[in-house]
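The values are calculated or read from the model by the stated rules, or taken from the named source; none is laboratory data. These figures come from a predicted structure and were not determined experimentally. Please note: Cβ atoms are built from the backbone with ideal geometry, for glycine as well, and neighbour counts cover all protein chains shown. Each accessible area value is taken on the protein alone, full model and side chains, heavy atoms only, with ligands, DNA and RNA left out. Shrake-Rupley method; radii C 1.70, N 1.55, O 1.52, S 1.80 Å.
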Amino acid sequence: EGIDAPDLGSPGTSGANQIVNHMVFENDTWNEMPTLSTGIRKAIVMGGESVTIDSNVSMLSLKVRAGADVTVTTAATVTTPAVVLESTSTVYSSLILDGTITDGSSESIVTYKRHVNQNASVGGNDLITPPVTGQGFDTFRAANPNILSNSDDTIFLFGPFDKTSGAYVTYSNTETVALTSGVGYRAGTTDNSTLSFKGTANKGDITDIAISNSGPDYQEWNLVGN
């Protein structure tokens, strides 16, 4: 059973909307409140909902639908193998993390499925920033075969704006540099869908992204992200 589209056998329902045996937050309430004893249950926060987790809980996974907001307070630890945040081309999910999300040994368990435009005659590419840290481009590329590339899969439409050259970088198939939150990247997909970033959710200020008016071209351009 995949975390992206659980098929749980609900009569008359198919695909991602099958939520039988899930803990579901909808209409401003949980159908079953997560506790430290609910680690065998998956949890879903439905689109348009806002929920605050302010005590220690466990769950088999936590999915945050596009348009939903989840806040984990300083008093709370969410123990789960996976958190998945979803988005569409116009609606995004939000995670405000003041507490801790962990699988018991690692906090690099948050996946943000960020919608990215298809690179075509209409639509073009997007300018985005990773919402999590700790993922190398080689790992990111392997997890996202829909990044637009050349026919040999050696050059990919993904990379930052290089102030020293005044041009966008296009990463190669040998690139292993870590993707950095706060840094902006140009990206394009083959299918107008999502790119999955996996790592540790940020819960502090990002202060090490330089802003300058410099370079041979487009001196005033600085590609950064929130």
Filter pass, Val177 being of a type in the set (A, V, I, L, M, F, W, C), under 16 Å from Thr194 (Cβ atoms) and touching a residue at least 40 places away in the same chain (Cβ under 8 Å): no
Residues located in segment 148-177, provided they are buried (at least 16 other Cβ atoms within 10 Å of the Cβ) and in contact with a helix residue (DSSP H, G or I) (Cβ under 8 Å, 6 or more places away or on another chain): Phe156, Phe158, Tyr171, Glu175
Flag if Leu85 is crowded, with 20+ Cβ neighbours inside 10 Å and not β-branched (Val, Ile, Thr): yes
Cβ pairs under 7 Å, 6+ apart, first in segment 74-97 and more than 19 Å from Asp191 (Cβ to Cβ), second modelled with pLDDT under 95 and of a type in the set (Lys, Arg): Leu97/Lys203
In segment 112-161, residue farthest from Asn192 (Cα to Cα) [restricted to those that are touching a strand residue (DSSP E or B) at 6+ places or on another chain (Cβ under 7 Å) and free of Cβ contacts under 8 Å to residues at least 40 places away in the same chain]: Thr154
Counted residues, segment 1-56 - those being exposed (fewer than 11 other Cβ atoms within 10 Å of the Cβ), among the small types (Gly, Ala, Ser), at pLDDT 55 or above and under 24 Å from the mean Cα position of the chain (by Cα): 1
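Is it true that Asn144 is at pLDDT 95 or above and either of a type in the set (Ser, Thr, Tyr) or within 18 Å of the chain's Cα centre (by Cα) (or both)?
Details: at pLDDT 95 or above: yes; either of a type in the set (Ser, Thr, Tyr) or within 18 Å of the chain's Cα centre (by Cα) (or both): yes.
Here the answer is yes, as Asn144 does meet what is asked.
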Count of residues meeting criterion [within 15 Å of Val132 (Cβ to Cβ) and of a type outside the set (S, T, N, Q)] in segment 188-200: 4
Selection status of Ile206, closer than 26 Å to Ile109 by Cβ, of a type in the set (A, V, I, L, M, F, W, C), part of a loop (DSSP other than H, G, I, E, B) and open to solvent by 60 Å² or more (accessible area, probe 1.4 Å): yes
